[in-house]
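The values are calculated or read from the model by the stated rules, or taken from the named source; none is laboratory data. These figures come from a predicted structure and were not determined experimentally. Quick reminder, even Gly has a Cβ in these numbers, built from the backbone with ideal geometry, and neighbours come from all protein chains shown. For accessibility, only protein heavy atoms count, side chains too; no ligands or nucleic acids. Shrake-Rupley method; radii C 1.70, N 1.55, O 1.52, S 1.80 Å.
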Amino acid sequence: MKILVIGSGAREHALVWKIAQSKLADKIFCAPGNAGIAGIAECIDIKVEDTVKLLEFARKEKIDFTVVGPEMALAAGIVDEFIKAGLKIFGPQKRAAQIESSKIFAKELMAKYNVPTADFKIFDNAALAKKYIHEHGAPCVIKADGLAAGKGVVVAKTIPEAETAVDLILEKNAFGQAGARIIIEDCLEGQEASILVLTDSKTVIPLVSSQDHKRVFDQDLGPNTGGMGAYSPAPAVTEAVFKEILDKIIYRTIDGLVKEGIEYKGILYAGVMLTKDGPKALEFNARFGDPETEAILPRLKSDLLETMLATSEGKLNKIVQAGGLSWDSRPCVCIVCASGGYPGEYEKGKAITGLAEAAKLADIVVFHAGTKKAQDKILTNGGRVLAVTGLGNTIKEAIEKTYQAVGKISFEGMHFRKDIGYRALGGK
Ligand code: AMP
Ligand code: GLY
């Protein structure tokens, strides 16, 4: 089969790497890809949001199956367009992808179908929002309704912080239309976990649990990022907790969508807070997580491509009948190496050394994010540059091995967290 993967991050590198292991894959394209992906797929210079050109390319090349990485493409309706054109594609259609592209859609669905989540109110008026904040008090969480590249959520510890967030989103229109409405919700406490499932709305196959590290600095300090690392499994997600998340969050949400007449096919990703009153949903994503995917896929022994195909064909039950997915029991850790200054301003074009030495280490894969090739060099080309990933017999061993690999790699300004996985080692 000819496969097209859409995206250019370490998540897409992990997807291409795993798809390349499938017997079904003959040729893989990636749009636009990166220097790491270029080693195993043919990179095509088409932007993720350019649905028209992607469709044209898929038709011309007779692509058998397309896999969508990022949420923008899903929210723009790429899946709808491909299906209309008679092409097979992995991911939810636009209406279903609203579970991520509209936080209000997701919250209202959760409220209607009794999915545990933080209590919330919706506002489009700054004065009324502030009045509510004064009555309700802090801490509270302010969320822009639409997609805001991970920047649309403010966890406000004080009333002035909450008011600043309201002004930023509703008055200064920091996120444009995506911030035309906001949610103000109660602040939840606990550990976070990411639960990703494959579903065709009739069958659900959970992937293994994971946890990511969103803050830029050690001990979860500093601003939020796209993700500085991840590990799988998340020990806080015991078998009982996993079952509760599936029963109360995942199944109720998928059933709710079905009752609303919305078929959901693809990955449903629940960001969950493990509170003392049980797991509560923070958000949903309509796609593979980044960097969770980099920590999950090296543990998957089964054929991902076959499973994604079955999902998009509505035949996921066949995978269950054939025994379901099989997993490596070893934990996996992913450490992100970022450009100096990220998540703020950063420079590009720094030469990366040590990639080959790191990749030679046993059980290590170096997934590329923002990289590009220039003659015989690999240069930095984004904020998150590499996702160095390793398996170990224990989580401690996986962490040590992965940091050893990171130690081989350098580029000017490179920074990474030194405490990836600390919670899995018993840290608070
Ligand atoms: P979201 O995009 O809704 O997951 O929000 C991004 C991050 O903000 C989450 O991963 C949490 O760390 C934090 N967050 C979101 N909602 C809440 C909440 N209700 N209580 C505490 N933290 C939250
Ligand atoms: N790891 C968070 C996300 O993919 O949105």
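Based on this model, can you work out whether Ile63 counts as open to solvent by 20 Å² or more (accessible area, probe 1.4 Å) and either of a type in the set (Lys, Arg) or more than 18 Å from the chain's Cα centre (by Cα) (or both)? Criteria not met by Ile63. Just give me the residues in the stretch 226-240 being open to solvent by 20 Å² or more (accessible area, probe 1.4 Å) and within 12 Å of ligand 2 (Cβ to nearest atom), in sequence order. Matches in the stretch 226-240: Gly226 only. Is there a residue in the stretch 166-187 that is assigned to a strand (DSSP E or B) and under 27 Å from Thr293 (Cα atoms)? No, because not a single residue in the stretch 166-187 is assigned to a strand (DSSP E or B) and under 27 Å from Thr293 (Cα atoms). Is it the case that Ile99 is in a helix (DSSP H, G or I) and within 16 Å of ligand 1 (Cβ to nearest atom)? Yes; evaluated as a whole, the condition is true for this residue. Taking the stretch 188-225 as the range and being assigned to a strand (DSSP E or B), more than 16 Å from ligand 2 (Cβ to nearest atom) and either touching a His at 6+ places or on another chain (Cβ under 7 Å) or open to solvent by 50 Å² or more (accessible area, probe 1.4 Å) (or both) as the test, the residues that pass are Phe217, Leu221.
If we keep just the residues of the stretch 266-297 that are assigned to a loop (DSSP other than H, G, I, E, B) and either away from ligand 1 (no atom under 16 Å from the Cβ) or of a type in the set (Asp, Glu) (or both), which is most open to solvent (accessible area, probe 1.4 Å)? Checked the stretch 266-297; the qualifying residue most open to solvent (accessible area, probe 1.4 Å) is Asp277. Any residue that is in contact with a Phe, Trp or Tyr (Cβ under 9 Å, 6 or more places away or on another chain), part of a loop (DSSP other than H, G, I, E, B) and open to solvent by 20 Å² or more (accessible area, probe 1.4 Å) - is there at least one of those in the stretch 298-319? Checked the stretch 298-319: at least one residue is in contact with a Phe, Trp or Tyr (Cβ under 9 Å, 6 or more places away or on another chain), part of a loop (DSSP other than H, G, I, E, B) and open to solvent by 20 Å² or more (accessible area, probe 1.4 Å). Scanning the stretch 1-44 for residues that are buried (at least 24 other Cβ atoms within 10 Å of the Cβ) and among the charged types (D, E, K, R) yields a count of 2. Filtering the stretch 61-81 to residues that are within 15 Å of Ile3 (Cβ to Cβ), outside any strand (DSSP E or B) and not acidic (Asp, Glu) leaves Lys62, Ile63, Gly69.
For the stretch 166-187, the set of residues classified as within 19 Å of Glu135 (Cα to Cα), open to solvent by 30 Å² or more (accessible area, probe 1.4 Å) and within 16 Å of ligand 1 (Cβ to nearest atom) consists of Asp186, Cys187, listed by residue number.
Here Val52 clears all of (1) over 18 Å from Leu386 (Cβ atoms); (2) touching a residue at least 12 places away in the same chain (Cβ under 8 Å); (3) in a helix (DSSP H, G or I) except the condition numbered (2).
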